Amino acid sequence: MAGKTAKSKIPSRPRGRPRPEETAQIERKLLAVALEEFLEHGYGDAAMARIAQAAGGSKTTLYSRYPSKAELFQALIFDQVERASPETALTSESGPLTLAAGLKSYARHMLRHSLQEDIRRLNQLIISESYRFPELGVATTEKTAMGIRRITDFIRETQAREGRRCRKPGAVAEAFIFMIRGWYLHVLLNNQEIALTDMEQWVDRSVDALLLSHREW
């Protein structure tokens, strides 16, 4: 959850090329501070100089990694996707998931992640400011495209295992992803508190409804 601006600083180190673990630590710190800055001040009023100062580094360090505020925000969006580990929702220790089980697992997993307070506030920020800053929409569009590609591949794989052919896996994946996105946007726009059991029941009903047209895929 977002709180006060982080006080810890990027650790100083001897001059020279940073080690990979140091680079990763610096980037994690910058993204954590950037998230707090965006949540506290909004996208329009967020300041790169303030982010660099709060992270304990220099503007040179920040700009060398993220040359613009738009690129920093996009990196933040992709970091949220990486934190969610969406690919883990499509696998199972006991073996490959069926189409229905995989779609339900993925939807539940991603919605649980997106309903976390900091992610929820970040998405509300995007909704409220994207009309003034189109770059916010660009960042989220790419995130959506990643999800569609992931589900497209999953549909192809499961259909191949079952000896079935799906004529338009991309179209089915797009319908699935936007189905999830529509429910989530409804929750955000109504500022609702949703019980996880209610979300899971909605996922089950919606995926079952989608699968009723399976023969037409």
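The values are calculated or read from the model by the stated rules, or taken from the named source; none is laboratory data. Being a predicted model, the structure only gives us computed values, none of them experimental. Backbone-built Cβ (ideal geometry, glycine too); neighbour counts: all protein chains shown.
Things to note:
- Residue within segment 106-114 that is in contact (Cβ under 8 Å) with a residue 12 or more places away in the chain, crowded, with 16+ Cβ neighbours inside 10 Å, of a type in the set (Gly, Ala, Ser) and closer than 15 Å to Arg181 by Cβ present: yes
- Residues that are touching a Leu at 6+ places or on another chain (Cβ under 9 Å), outside the structural domain of His41 (by TED's automatic domain parsing) and either surrounded by fewer than 16 Cβ atoms within 10 Å (Cβ to Cβ) or more than 13 Å from Ile77 (Cβ to Cβ) (or both) occur at least once in segment 126-139.
- Filter result for Phe154 (in contact with a Leu (Cβ under 7 Å, 6 or more places away or on another chain), assigned by TED's automatic domain parsing to the domain that holds Leu211 and surrounded by 14 or more Cβ atoms within 10 Å (Cβ to Cβ)): yes
- Failed criterion for Arg181 (all others in (1) surrounded by fewer than 17 Cβ atoms within 10 Å (Cβ to Cβ); (2) over 16 Å from the mean Cα position of the chain (by Cα) hold): (2)
- Within segment 140-149, the set of residues being over 10 Å from the mean Cα position of the chain (by Cα) and either buried (at least 18 other Cβ atoms within 10 Å of the Cβ) or β-branched (Val, Ile, Thr) (or both) comprises Thr141, Ile148.
- Scan of segment 111-120 for residues that are over 11 Å from the mean Cα position of the chain (by Cα) and assigned to a helix (DSSP H, G or I), ordered by number: Arg112, Glu117, Asp118
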